[in-house]
Amino acid sequence: MEALDALLNRVSVPRLVEPAPSAAQREALFAAALRAPDHGQLRPWRFLTVEGAAREQLGELLVEAVQLQGGEVTQAALDKARAMPLRAPLVVVVVARLQEHFKVPRSEQLLAAGCAAHGILLAAYAQGIGAVWRTGELSYSPHVAKGLGLEDGEEIIAFLYLGTPLNEPRIAPKVDTAEFVSAWTAKA
């Protein structure tokens with residue numbers, strides 16, 4: 001697949017089934033992630049793969065996080081949290097590893113980690129793998145971070161769901177670039 005095809009036509013694919021990406025496909029996914037812009041070569045990211053029975057354990061961790069939020073918790077909310085990791089055969093948790101650096105601010109490191117996640121999505125599309133980037137309030141839960149073994153300075157920026165598309169992916173909508181691009185003119 002041509003690079004521009006992936007860049008211009010990638011879409012989120014939320015309905016995913018087995019099989020998960022193969023070992024060779026995963027190697028390409030993570031190799032693409034590592035090509036993200038990385039000022040200072042800090043590599044401010046890491047990835048956790050969750051599959052098989054571990055998805056059920058992640059679901060229970062999400063249930064616990066919902067219960068810790070306080071207030072009234074419905075059974076529907078618990079069931080939804082429990083089922084989230086089961087929406088795909090492979091979940092990749094993208095973790096930003098933010099470090100103090102004299103030249104590279106944490107905000108730039110966070111953007112680099114986001115680019116790494118996007119690299120995974122583009123490589124998935126290029127290989128015919130369905131993928132969708134999800135977050136939501138549980139992504140920011142300290143309980144979830146602790147349960148996944150995150151360290152100080154680390155934060156979850158994405159749950160990437162990967163698998164075989166259940167349906168043919170939709171066609172990417174065409175958007176007029178002129179709506180988002182303008183020339184800047186310096187004031188005299």
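Highest mean first, how do 4-14, 177-187 rank when packing is the count of other Cβ atoms within 10 Å averaged over residues?
Final packing ranking: 4-14, 177-187.
Helical runs (DSSP H, four residues minimum) scored at -39500 (n - 2.57) apiece and divided by the length of the chain put the mean residue ellipticity at 222 nm at -11500 deg cm²/dmol. Both radii were evaluated on the Cα set of the chain; the Rg over Rh quotient, with Rh as the Kirkwood radius, amounts to 1.01. Taking all protein chains as present, what is the carbon and sulfur share of the accessible area of the chain, in % to the nearest whole number, probe 1.4 Å? The nonpolar share, carbon plus sulfur, comes to 55 percent.
Take the stretch 3-179 with all the other protein chains still there, run a 1.4 Å probe, and you get 56 Å² of accessible area per residue. Packing-based ranking of 122-135, 139-152 yields 122-135, 139-152, ordered from highest to lowest mean Cβ neighbour count within 10 Å.
The values are calculated or read from the model by the stated rules, or taken from the named source; none is laboratory data. This structure is a prediction, so every number in the text was calculated from the model and none was measured. Positions of Cβ are generated from backbone atoms using ideal geometry, with glycine treated the same way; all protein chains shown enter the neighbour counts. The area values use the complete protein model at the heavy-atom level, side chains included, leaving out ligands, DNA and RNA. Shrake-Rupley method; radii C 1.70, N 1.55, O 1.52, S 1.80 Å.
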